[in-house]
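The values are calculated or read from the model by the stated rules, or taken from the named source; none is laboratory data. The shown structure was predicted, so the numbers you read here are calculated from the model rather than taken from an experiment. Note that each Cβ is placed from the backbone with ideal geometry, even for glycine, and that neighbours are counted across all protein chains shown. In case anyone asks, the SASA skips ligands and DNA or RNA and just uses the protein heavy atoms, side chains included. Shrake-Rupley method; radii C 1.70, N 1.55, O 1.52, S 1.80 Å.
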Amino acid sequence: MKEIKYTYKFRLKPTKEQEIELNKHFGSVRFVYNYFLNQRKNEYLNNKNSLTYNDQSAFLTQLKKEENTSWLKEINSQSLQYVLKCLENAYQGFFNKRTKFPRFKSKKSKNSFTCPQFVSVENNSLNIPKIKGIKMTMERKIEGKIKKATISRTPSGKYFVSILTEKIYKPINKTNKSVGIDLGIKDFLVLSNGTKIKNHRFIKHYERQLKLHQQHLSRKKKGSKRYEKQRIKVAKIHEKISNSRMDLIHKTTLNLIKEFDTIYIENLNVKGMIKNHKLSKAISDVSWGKFIETLTYKAEWNDKEVVHIDRFFPSSKTCHLCGYINHNLTLKDRTWKCSECCEVLDRDVNAAINILNEGCRKDMSGGTSDYKRRAKIRPSLDGISDEAFKEKSLV
């Protein structure tokens, strides 16, 4: 048993009066974020000085006392302070080269605000400061201590709440199995045991429908009621694509964590690969980055391990039986015949097996790995006995 942070997400069904209050919070939080982001930019451009969270927190108190912005008193003060912390984190992420420079928030995109304290749930209703008794569609019971809640409104007009809790979690039982995973476009995942998980190509599936509704939207006058109704139709299609993709990712990662203790996967440069305009749409649709992120935190919950293999390791070009490297292999070659052992290899399955073998060898050698191995040397004999290699891997 261990304590973890777990988030529950539920659909909200606010009344008209509650919608007005929620929209006030969305607008005020967006105003505060944009106001203080602009203040930071101007301060640096004019005085070459960087403002801190404490500086802006004190200024926010003065801002509430001004006549033009006195309406900020109607909003939960902790939610406004939390916005300044988010802005501070955005700046720190930029200076540490983790993220891009903070951008101004738009009313047209997803709107949200966070209540860091005084959140409770009673009789399928959410209680937050300033707003009480918001009806929720609860598919499951909340377990653990509630830490904070984030209320959001999607572009399609739906309201959701994400409730962060701390709860006691029982990890999934160990299986003493390992697997190598090859991420692909033709197939979503290919496992070293030969299992292939289909790439559903969600964007392509809804592409014709999306194109039709976007064409209708382009003919409407911006700001009109017909434009707003058509905009919601387009937003719902995008929402469907996103939800379908995340459903596949969650189900797939859970099955992998249940079945395997150690998962070896390539450390892909997804941002760099997206720059290829011929493949960028397909790579974005398959969402490798979100899959790896989800798989990693679920592995941490269950005391299991996700091991990354160097992206320059020639997993597809190397024969997993004899170690021969086919330098002439191209992306369109889905199968190839090894010129040394004459074995016909499935490109993706072969890559997944090589990823598993390389990960096992890396573990046994204390974290070091040699990617410039000579051809004609069987990987399992590269300083490791056959018996030890078979115990570690599941080829």
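Points worth noting:
- Exposure of Leu45 as accessible area (Å², to 10), given a probe of 1.4 Å and all protein chains: 120 Å²
- Unpaired by the 4.7 Å Cβ criterion, cysteines found in the chain: Cys86, Cys115, Cys342, Cys360
- Here Lys337 is the anchor, and the lysines within straight C-alpha reach of less than 19 Å, apart from those fewer than 8 places off in the same chain, are Lys317, Lys376.
- Surface listing: Lys130, Lys177 arranged by accessible area from highest to lowest gives Lys130, Lys177, probe 1.4 Å.
- Of Thr61, Thr150, the residue with the largest accessible area leads and the full order is Thr61, Thr150 (1.4 Å probe).
- Plainly put, region 185-304 has a radius of gyration that is 1.08 times its Kirkwood radius, both from alpha-carbon atoms, as the Rg/Rh ratio.
- Available extension along the chain between Tyr44 and Ile172 is 41.0 nm, counting 0.36 nm per residue and deducting the alpha carbon span.
- When you filter the trypsin sites (Lys or Arg not before Pro) in region 1-82 for DSSP loop state and at most 13 other Cβ atoms inside 10 Å of their Cβ, you are left with Lys48.
- Per-residue ellipticity at 222 nm computed for the chain from its helices equals -14000 deg cm²/dmol, with DSSP H segments shorter than 4 residues left out and the rest contributing -39,500 (n - 2.57).
- Scattering curve values for the chain, log₁₀ I(q)/I(0), Debye with Cα scatterers, q = 0.11 Å⁻¹: -1.01
- Pair-distance profile P(r), taking every C-alpha pair of region 138-203, with 10 angstrom steps and integer %: 15, 22, 21, 38, 4
- The label-point distance for Asp247 and Lys229, in a model that sets each label 7 Å from Cα toward Cβ, rounds to 2.7 nm.
- Sites Arg334 and Asn89 - FRET efficiency at Förster radius 41 Å, r taken between beta-carbons, to 0.05: 0.40
- The heavy atoms of Ser70 offer some 50 square angstrom of accessible surface to a 1.4 angstrom probe.
- When the P(r) of region 86-219 is calculated, the portion above 24 Å amounts to 64% of the C-alpha pairs.
- Remark: C-alpha extents of region 266-365 on the principal axes read 43, 39, 18 Å, sorted largest to smallest.
- Dipole size of the chain about its Cα centre, with +1 on Lys/Arg Cβ and -1 on Asp/Glu Cβ: approximately 2380 debye, rounded to the nearest 20.
- Filter on Lys236/Lys278; Lys196/Lys271; Lys105/Lys147; Lys85/Lys110 - keep pairs with C-alpha separation over 22 Å: Lys236/Lys278; Lys196/Lys271; Lys105/Lys147
- Equivalent-ellipsoid semi-axes for region 13-156 (Cα gyration tensor, √(5λ), whole Å, largest first): 30, 18, 14.
- Protein-only accessible surface at a 1.4 angstrom probe places the residues Met136, Met246, Met1 in the order Met1, Met246, Met136, largest first.
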